[in-house]
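Step one of this worksheet: look at the structure below.
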Amino acid sequence: MNGLFRWARGPSQRLARHVAAAGGALLVACATAHQSLVLSPVGPISGGREGLFGGEGYLRVHTATETRDSGGITFYPHTSYVVYNSEGRRVIGVQNHVGLQDQKPMTVPLPQGRYVVYAQAEGYGRVTVPIAIAASRTTVVFLEGKGLPEASELPEAEVVRLPDGRPVGRRAMLPAPPKKP
C-alpha cells in the first residue's frame, strides 16, 4: 500500500489508507446488497393432465409493478422478466404486459422442464426463482401483492415464501437427482 500513497507523508498517509480501506469496504457492501435473493423451486398449480399438447406447459409470473400515467389515469403494468434453461441459456424475455395500460401478467408457453426466472419482486428487487414446467399445467409465481391466494389451503411444506412470509407459489416436487455409482 505504501507504493499507492507515496505522495502522502506522516499522519496524512494514515488518513489516506483509512479512507481507501473505508471506500473498499463500502464497495463490497454495495455489491453484496445487490445480490439476488434465490428462492426455492416453484412448480405448477394443481390441475391439467400430463402428456397433453406434446409436453408443453405454461408460466405466469406476477412480477412487481411499475406506476404509469396515461392521460391522468394511473396504471400498474408488471415488470419484465427473463427465463433461462437448466444449461444457463436464455430462453425468453417476457415483457409481461401487452401495453402500458395492461395490468395482467402474461402467460407464456414453455416446453416441460426446469428453468430459472430472474424477475423483480415487490420489496426485494431482483430475485431468482427456479421453476418446473409440467405438460398441460401452469406454473404461477407471485412476486407482488399478497402472494399465492390458495396458500392457506395448502400444507406449509408445499408453499415457497419470501423472507417476509408472503407466499410465492407452490413448491416444485422435483425428483431426487440420480445417485452416483
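Of note:
Residue by residue, here is whether (1) at pLDDT 55 or above; (2) assigned to a helix (DSSP H, G or I); (3) surrounded by 14 or more Cβ atoms within 10 Å (Cβ to Cβ); (4) not charged (D, E, K, R) holds:
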site	(1), (2), (3), (4)
18	no, yes, no, yes
25	no, yes, no, yes
32	no, yes, no, yes
54	yes, yes, no, yes
58	yes, no, yes, yes
69	yes, no, no, no
74	yes, no, no, yes
84	yes, no, yes, yes
109	yes, no, no, yes
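- Single residue of the range 113-131 satisfying the filter (surrounded by fewer than 18 Cβ atoms within 10 Å (Cβ to Cβ) and more than 10 Å from the chain's Cα centre (by Cα)) that is farthest from residue 161 (Cα to Cα): 113
- Every pair of residues 6+ apart whose Cβ atoms lie under 8 Å, when the first sits in the range 131-146 and is assigned by TED's automatic domain parsing to the domain that holds residue 159 while the second is part of a loop (DSSP other than H, G, I, E, B) and crowded, with 24+ Cβ neighbours inside 10 Å: 143/63; 144/63
- All positions within the range 132-157 that are surrounded by 12 or more Cβ atoms within 10 Å (Cβ to Cβ) and of a type in the set (Gly, Ala, Ser): 132, 134, 135, 136, 145, 147, 151
- Test: residue in the range 44-52 that is at pLDDT below 95, on the phi > 0 side of the Ramachandran plot and out of contact with any Gly (no Cβ under 9 Å at 6 or more places or on another chain): yes
- The selection criterion, being closer than 23 Å to residue 66 by Cβ, among the polar types (S, T, N, Q) and part of a loop (DSSP other than H, G, I, E, B), holds for residue 103.
- Residue within the range 126-136 that is modelled with pLDDT under 95 and in a helix (DSSP H, G or I) present: no
The values are calculated or read from the model by the stated rules, or taken from the named source; none is laboratory data. Just so it is clear, the model here is predicted, and its values are computed rather than measured. In this analysis, Cβ positions are derived from the backbone assuming ideal geometry, glycine residues included, and neighbour counts consider all displayed protein chains.
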